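> Take a look at this one; I'll ask things after.
The values are calculated or read from the model by the stated rules, or taken from the named source; none is laboratory data. Given the structure is predicted, the values throughout are model-derived calculations rather than measurements. We place every Cβ from the backbone using ideal geometry, glycine too, and count neighbours over all the protein chains shown. Surface accessibility is based on the protein's heavy atoms, side chains included, excluding ligands, DNA and RNA. Shrake-Rupley method; radii C 1.70, N 1.55, O 1.52, S 1.80 Å.
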Amino acid sequence: MKRREFISKTSSIGLSASGLLLPKLAQAADFQVVVVGGGMSGAAVAKYIRLWSNKSISVALLEKDASYTSNIMSNEVLTGKRSSINTLSFSHANLVSKYGVNKIQGTVIGIDPVNKTVTYSNASGNKVLTYERLVLAPGLDFDLMPGMSSLAEYETIAPHAWKAGAQTTLLRSQLVSMPDYQNVVITIPLAPYRCPPGPYERACVIADWLRTKKPNSKVIVLDENSQIQAQATNFQNAFNGAYGYKVDYRPGCTISNVHLIPGAHTVSYVQAGAGLSVNAAVLNPIPPQRAPRLLSETGLLNAGGKFAPVNLTTYESTLKTGIHVIGDACISGMPKAGHIGNQEAKTCANAIVFALKGSQYAAEEVSPVLNSACFTPVTSTKATWLSAVYQYSNGVMIPSTQNGMTQPRAAVGASTKNYEQMNKWFTTLMTDTFS
Amino acid sequence: MSLHNIFDTSLSKPSITIKLIVCFISTLFVSPSFAVSVTPNATTVVAGQYQFVSVSNVNGSLSAKSSNPSYATVTKVDASTYRIYGASPGTAKIEFKDKKSESKVYITVTAIVTNNAPKVGSTAGRLLASNCFQCHGTNGAGGFEKLVGESSSEIYKDLKKFSNGSEDPNGIMAAHAMGFTDAQMNLIANYFASLR
């Protein structure tokens, strides 16, 4: 009998994996599966566990917000191409009405992996839920930039807008108010970070927008990485003027200090051993990122680690049984991205359905494949795309080497056709995730 | 197909060898009492399935041999019955030989009708196929091209064209298809076909 089946079979009669009799011996869990986080991965895992178990596994979705705001396409709010961040709001209502997911609004404040409970808090107070399996899809926490004193500064002075919402709106208003001849500075943290092409995309669409609005203003990118992290050829061409604008791109810049003065920030950095600095009327620091603190508190991170190690056929934590981690918070070896989080969710959902219901409901996937697509606007009318197929091999997901081709693969230049396809990709992806 | 209906008989008497080749359905009995008889003399078998043939007028012992055992094999059941097994799609001749004569049975083995598509509700290939849902809709219902309702061979054919670069080689579908193995593409195609 495989380990997963053993755990599920013994759990269902009250024995934990360690063989101890749990106090709730004869009592079923409040929900067979509790999902924490209702974003790209959390929404998808809740839907697919219900869909693929023919709605026979009970699922609760614990999410602190009333709805999800999409990061994908949020750069278009910065340029006014999208009129408001509200156009990117996605409700969980279809998960509830079509699939019978139980959405509970609340903030998780504690997890007990041994007793299999989750404690959450909302306006009604604190409550405890018991589960058979827990899936964490909590997204990311952001660190401070050197020289900053409080996370609140991202909300009020120098938004990162790397989790779409109020900060996106603030960054947009700062860009609109910025006078001509003033500069925008974007900083990019060392990988891994959410959405590898994202910062370069942001630099492109802002530079494209400045061309007509503030033609004497520049976009300066300070990249802590030594090279462009995705679609290097496409972005390099864009930065060099292929689409009518230019971007001052500086690689290998380690940020040493951020001095925040609204409208007149200074960023100090070291590049090739030299101490340099640049001024910015609008500063968009994209900070270093990590899994939320709750995960380290629950023992789901290795010492000194930033993200949760998982088994890549099931996304179960390698440190705590019965808890799965998907999306940006886990270590998958693949980029942190919404399309990918959606597929990680499906892999996890299939594994959980197999573990709880057996082979009549799910095939055991010992060698998952994950493919991803990502469309990137580089102007207000043209886009490129990036695609990568990963195959499971000896415990890791590696870029596929099938057909003698290298992965990932990117569009050859930007086009308006790609732009139209981008919109269809986005709509279909969000429907597959939330409906 | 008419060639498979030819009943080919030869006599082993040294002075007379008569071999008749007929272009259309016809049978020539030279000497029924000397020639082993097998019926039916031609048949179609679905791969993975069996058919019986009956033998009579056997002189001495009878041997039975397939011209191509990878397509069809033959096993004796009893003195008057042999069982033909369709191993895989193709054609073969089963040659029955006794002391004085021989008789051939023409076998056509056909592929399983559903082309290995899993039963509706089967989960084989489901997780693999779910990679397509982000662009083609949950269960292939549409976004980009709708995939549900397509036949397995259609989807497989399209994936092959993308993966070998003969269709829109710089497009995103080529980039996707190139990352999959043949077996994975086959599973994906069968899964969408099973949904209709």
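> Inspect segment A:308-323 for any residue being open to solvent by 10 Å² or more (accessible area, probe 1.4 Å), in contact with an Asp or Glu (Cβ under 9 Å, 6 or more places away or on another chain) and of a type in the set (S, T, N, Q) and give the result as yes or no.
Taking every residue of segment A:308-323 in turn, at least one turns out to be open to solvent by 10 Å² or more (accessible area, probe 1.4 Å), in contact with an Asp or Glu (Cβ under 9 Å, 6 or more places away or on another chain) and of a type in the set (S, T, N, Q).
> More than 9 Å from every other protein chain (Cβ to nearest Cβ) and open to solvent by less than 40 Å² (accessible area, probe 1.4 Å) - does that describe any residue in segment B:170-185?
Yes, there is a match, as at least one residue in segment B:170-185 is more than 9 Å from every other protein chain (Cβ to nearest Cβ) and open to solvent by less than 40 Å² (accessible area, probe 1.4 Å).
> Residue B:164 - would you say it is more than 10 Å from chain A (Cβ to nearest Cβ) and within 21 Å of residue A:391 (Cα to Cα)?
Answer is no for this residue.
> Can you pull out every residue in segment A:385-409 that is open to solvent by 40 Å² or more (accessible area, probe 1.4 Å) and part of a strand (DSSP E or B)?
Of the residues in segment A:385-409, the ones open to solvent by 40 Å² or more (accessible area, probe 1.4 Å) are A:392-394, A:396, A:398-399, A:401-406, A:408-409.
Once the filter is applied, which keeps residues that are open to solvent by 40 Å² or more (accessible area, probe 1.4 Å) and part of a strand (DSSP E or B), segment A:385-409 yields A:392, A:393, A:396, A:398, A:399, A:409.
> Restrict the check to segment A:97-104 and report whether at least one residue is within 30 Å of residue A:171 (Cβ to Cβ) and touching a residue at least 40 places away in the same chain (Cβ under 8 Å). First the steps, then the outcome.
First pass over segment A:97-104, keeping only residues within 30 Å of residue A:171 (Cβ to Cβ): A:103.
Applying the additional criterion that residues be touching a residue at least 40 places away in the same chain (Cβ under 8 Å) yields A:103.
The answer is yes, given that some residue of segment A:97-104 is within 30 Å of residue A:171 (Cβ to Cβ) and touching a residue at least 40 places away in the same chain (Cβ under 8 Å).
> A further question follows. Identify, please: which residue in segment A:45-67 is open to solvent by 40 Å² or more (accessible area, probe 1.4 Å) and within 22 Å of the chain's Cα centre (by Cα) and is, among those, farthest from the other protein chains (Cβ to nearest Cβ)?
Pass one, segment A:45-67, residues open to solvent by 40 Å² or more (accessible area, probe 1.4 Å): A:51, A:54-56, A:64-66.
Still in the list and also within 22 Å of the chain's Cα centre (by Cα): A:64-66.
On the way: A:64: 25, A:65: 23, A:66: 24 Å.
Out of the qualifying residues, it is A:64.
> Looking at (1) farther than 17 Å from residue B:172 by Cα; (2) more than 11 Å from chain B (Cβ to nearest Cβ), can you tell me which one residue A:414 breaks?
It fails just one condition, (1).
> So in segment A:365-379, with the set limited to residues that are within 11 Å of chain B (Cβ to nearest Cβ) and part of a strand (DSSP E or B), which one is most open to solvent (accessible area, probe 1.4 Å)?
A:374
> Here's a follow-up. Residue check: is residue A:349 in contact with a helix residue (DSSP H, G or I) (Cβ under 7 Å, 6 or more places away or on another chain), in contact (Cβ under 8 Å) with a residue 24 or more places away in the chain, assigned to a loop (DSSP other than H, G, I, E, B) and open to solvent by less than 10 Å² (accessible area, probe 1.4 Å)?
Details: in contact with a helix residue (DSSP H, G or I) (Cβ under 7 Å, 6 or more places away or on another chain): yes; in contact (Cβ under 8 Å) with a residue 24 or more places away in the chain: yes; assigned to a loop (DSSP other than H, G, I, E, B): no; open to solvent by less than 10 Å² (accessible area, probe 1.4 Å): yes.
So residue A:349 does not fit the description; no.
> Restricting attention to segment A:272-298, report how many residues are surrounded by 14 or more Cβ atoms within 10 Å (Cβ to Cβ), over 20 Å from the mean Cα position of the chain (by Cα) and in a loop (DSSP other than H, G, I, E, B). Let's see the steps before the verdict.
If we filter segment A:272-298 for residues that are surrounded by 14 or more Cβ atoms within 10 Å (Cβ to Cβ), which is where we start, we get A:276, A:278-292, A:294-296, A:298.
When the remaining residues are screened for being over 20 Å from the mean Cα position of the chain (by Cα), the result is A:276, A:278-283, A:298.
Going one step further and asking which of them are in a loop (DSSP other than H, G, I, E, B), we end up with A:281, A:298.
Final tally of qualifying residues: 2.
> Checking the condition within 30 Å of residue A:180 (Cβ to Cβ) and either not assigned by TED's automatic domain parsing to the domain that holds residue A:110 or not hydroxyl-bearing (Ser, Thr, Tyr) (or both), which residue from A:241, A:299 passes? Working first, answer last.
Numbers: A:299 fails: within 30 Å of residue A:180 (Cβ to Cβ).
Exactly one residue qualifies, and that residue is A:241.
> Still on this structure: What number goes with the only condition from (1) under 15 Å from the mean Cα position of the chain (by Cα); (2) buried (at least 21 other Cβ atoms within 10 Å of the Cβ) that residue A:355 does not pass?
(1)
> Working only within segment B:150-168, note down all residues that are assigned to a loop (DSSP other than H, G, I, E, B) and either in contact (Cβ under 8 Å) with a residue 24 or more places away in the chain or surrounded by 14 or more Cβ atoms within 10 Å (Cβ to Cβ) (or both).
Restricting attention to segment B:150-168, the residues satisfying the condition of being assigned to a loop (DSSP other than H, G, I, E, B) are B:150-151, B:164-168.
Those that are assigned to a loop (DSSP other than H, G, I, E, B) and either in contact (Cβ under 8 Å) with a residue 24 or more places away in the chain or surrounded by 14 or more Cβ atoms within 10 Å (Cβ to Cβ) (or both): B:150, B:151, B:165, B:167.
> Report, by residue number, each residue of segment A:189-244 that is aliphatic (A, V, I, L, M) and without any contact (Cβ under 8 Å) to a residue 40 or more places away in the chain.
Kept after step one, since they are aliphatic (A, V, I, L, M), are these residues of segment A:189-244: A:190-191, A:203, A:205-207, A:210, A:219-222, A:228, A:230, A:232, A:238, A:242.
Those that are aliphatic (A, V, I, L, M) and without any contact (Cβ under 8 Å) to a residue 40 or more places away in the chain: A:191, A:210, A:219, A:221, A:228, A:232.
> Name the one entry in A:97, A:83 that is within 24 Å of residue A:381 (Cα to Cα), loosely packed, with under 15 Cβ neighbours inside 10 Å and at pLDDT 95 or above. I'd like the intermediate steps shown before the answer.
Details: A:97 fails: within 24 Å of residue A:381 (Cα to Cα).
Going through A:97, A:83 in turn, the sole match is A:83.
Matching residues to (1) at pLDDT below 50; (2) open to solvent by 70 Å² or more (accessible area, probe 1.4 Å); (3) among the charged types (D, E, K, R):
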site	(1), (2), (3)
B:34	no, yes, no
B:39	no, yes, no
B:52	no, yes, no
B:61	no, yes, no
B:65	no, yes, yes
B:68	no, no, no
B:72	no, no, no
B:88	no, no, no
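> Any chance segment A:328-341 includes a residue that's in contact with a helix residue (DSSP H, G or I) (Cβ under 9 Å, 6 or more places away or on another chain), within 14 Å of another protein chain (Cβ to nearest Cβ) and closer than 26 Å to residue A:117 by Cβ? Walk me through how you get there before you give the answer.
Step one: of segment A:328-341, the residues in contact with a helix residue (DSSP H, G or I) (Cβ under 9 Å, 6 or more places away or on another chain) are A:328-330, A:332, A:334, A:336-341.
Next cut, within 14 Å of another protein chain (Cβ to nearest Cβ) only: A:334, A:337-341.
Subset that is closer than 26 Å to residue A:117 by Cβ: A:341.
The answer is yes; a qualifying residue exists.
> Just a yes or no: is a residue in segment A:41-57 assigned by TED's automatic domain parsing to the domain that holds residue A:110 and free of Cβ contacts under 8 Å to residues at least 24 places away in the same chain? Quick ask: steps written out before the conclusion?
As a first pass, look at segment A:41-57 and keep what is assigned by TED's automatic domain parsing to the domain that holds residue A:110: A:41-57.
This time we only want the ones that are free of Cβ contacts under 8 Å to residues at least 24 places away in the same chain, so: none.
For segment A:41-57, residues assigned by TED's automatic domain parsing to the domain that holds residue A:110 and free of Cβ contacts under 8 Å to residues at least 24 places away in the same chain: absent.
> A further question follows. Check segment B:127-145 and report whether any residue there is surrounded by 14 or more Cβ atoms within 10 Å (Cβ to Cβ), in a loop (DSSP other than H, G, I, E, B), modelled with pLDDT under 95 and in the same structural domain as residue B:188 (by TED's automatic domain parsing).
No, every residue in segment B:127-145 fails to be surrounded by 14 or more Cβ atoms within 10 Å (Cβ to Cβ), in a loop (DSSP other than H, G, I, E, B), modelled with pLDDT under 95 and in the same structural domain as residue B:188 (by TED's automatic domain parsing).
> Let me ask you something else. Name, by its number, the condition in (1) more than 11 Å from every other protein chain (Cβ to nearest Cβ); (2) touching a residue at least 40 places away in the same chain (Cβ under 8 Å) that does not hold for residue A:362.
Only one criterion in (1) more than 11 Å from every other protein chain (Cβ to nearest Cβ); (2) touching a residue at least 40 places away in the same chain (Cβ under 8 Å) is unmet by residue A:362, namely (1).
> Against the condition facing another protein chain (nearest Cβ under 9 Å), in a helix (DSSP H, G or I) and either in contact with a Cys (Cβ under 8 Å, 6 or more places away or on another chain) or surrounded by fewer than 21 Cβ atoms within 10 Å (Cβ to Cβ) (or both), how does residue A:433 come out, does it pass?
Details: facing another protein chain (nearest Cβ under 9 Å): yes; in a helix (DSSP H, G or I): yes; either in contact with a Cys (Cβ under 8 Å, 6 or more places away or on another chain) or surrounded by fewer than 21 Cβ atoms within 10 Å (Cβ to Cβ) (or both): no.
The answer is no for residue A:433.
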